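The next block holds one structure in the form of structure tokens; read it before the comments.
The values are calculated or read from the model by the stated rules, or taken from the named source; none is laboratory data. Because the structure is predicted, anything quoted here is derived from the model rather than measured. Neighbour counts are summed over all protein chains in view; Cβ atoms, including those assigned to glycine, are modelled from backbone coordinates with ideal geometry. Side chains included, ligands, DNA and RNA excluded: accessible areas come from the protein's heavy atoms. Shrake-Rupley method; radii C 1.70, N 1.55, O 1.52, S 1.80 Å.
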Amino acid sequence: MRGEVLHYDEDQGFGFITGADGNRYTFTRENLRRQTALTMTAVEFQPGGGQARDVFSIAGHTTSPAAASPVADAAMNAAPAQAGTAPAAAPPQAGHFGRSSEPAEPSDLWGYFWRGLTQNYFNFAGRARRKEYWGYCLFWTIALLVVIGIGVFADSEMGNFDNAEIPAVTVGLFGVFLLATFLPGLGMIVRRLHDLGLTGWLCLLILIPTFGSLIILVFALIPTQGRENQWGPVPAGVST
């Protein structure tokens, strides 16, 4: 996949790439095809699990021969040799794969909930601002009440409450809803912790009865960390 390097810290060996699909991927020095220092440049990479692997530059024609990096050399050597090659014959830059190509920030709270169930269904990387977290929680609760209401109505019509049987429809719909939203909800908690500069493993605190949920609630109320951290830049729409 083609993308553009948004940031790369040579000292820490860690950076971010925006892919042609509009998603952001992380990468480390070990993910480069050759050990090299990267700048803002167009690259090719193999995406997987929110991480970019086998990263190499495709913008070698924009650098002078004296400053060309090993990553750019690898891309240029892989291209077919042409007589009298001019800079215009090199692979074109993907200048349009920058921050402007990222998914647009939702205009309302429902948009955060819908994005959590679609684009971020299995996303445990990046950051989630406080508004995104609570927008998801709000419509998750509304959806849960609707699902339970449908189940209660169905069980009532079937007489499941009259003969002391288990309200099977209500229990079934409740269980399916929780299973379907477990991963996006867990990912939202992890990204909210990342937004505070904390490790996502703290989500395991929720396993502690009562107190764990209260601790997660406190974390969810803390404002966004107003600077870039190892999990990404400040989320769009946050004033710093």
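I need the full set of residues from segment 159-180 which are in a helix (DSSP H, G or I) and surrounded by 19 or more Cβ atoms within 10 Å (Cβ to Cβ), in order please.
Looking only at segment 159-180, we keep the residues that are in a helix (DSSP H, G or I), and these are 168-180.
Correct list: Thr170, Leu173.
Taking the condition of being at pLDDT 80 or above, in contact with a Lys or Arg (Cβ under 8 Å, 6 or more places away or on another chain) and open to solvent by 30 Å² or more (accessible area, probe 1.4 Å), how many residues in segment 1-45 meet it?
Qualifying residue count, segment 1-45: 2.
Take Asp54 and tell me if it is open to solvent by 50 Å² or more (accessible area, probe 1.4 Å), at positive phi and at pLDDT 75 or above.
Numbers: open to solvent by 50 Å² or more (accessible area, probe 1.4 Å): yes; at positive phi: yes; at pLDDT 75 or above: yes.
So Asp54 fits the description; yes.
Report the residue count in segment 210-226 for those that are assigned to a loop (DSSP other than H, G, I, E, B) and over 17 Å from His194 (Cβ atoms).
Start the filter on segment 210-226 by keeping residues that are assigned to a loop (DSSP other than H, G, I, E, B), which leaves 210, 222-226.
Filter once more, so that each one left must be over 17 Å from His194 (Cβ atoms): 210.
Total meeting the criteria: 1.
Please go through segment 181-201 and give me each residue that is touching a Leu at 6+ places or on another chain (Cβ under 8 Å) and either assigned to a helix (DSSP H, G or I) or at positive phi (or both), ordered by number. It would help to see each step written out before you state the result.
Step one: filter segment 181-201 for residues touching a Leu at 6+ places or on another chain (Cβ under 8 Å), giving 181, 184, 193, 199-200.
Correct list: Thr181, Pro184, Leu193, Gly200.
List pairs: first in segment 213-232 and within 17 Å of Trp201 (Cα to Cα), second assigned to a helix (DSSP H, G or I) and open to solvent by less than 60 Å² (accessible area, probe 1.4 Å), Cβ under 7 Å, 6+ apart or cross-chain?
Going by the 7 Å Cβ cut-off, the qualifying pairs are Ile215/Leu205; Ile216/Ile189; Ile216/Leu205; Phe219/Arg192; Phe219/Leu193; Ala220/Tyr133; Ala220/Arg192; Trp231/His194.
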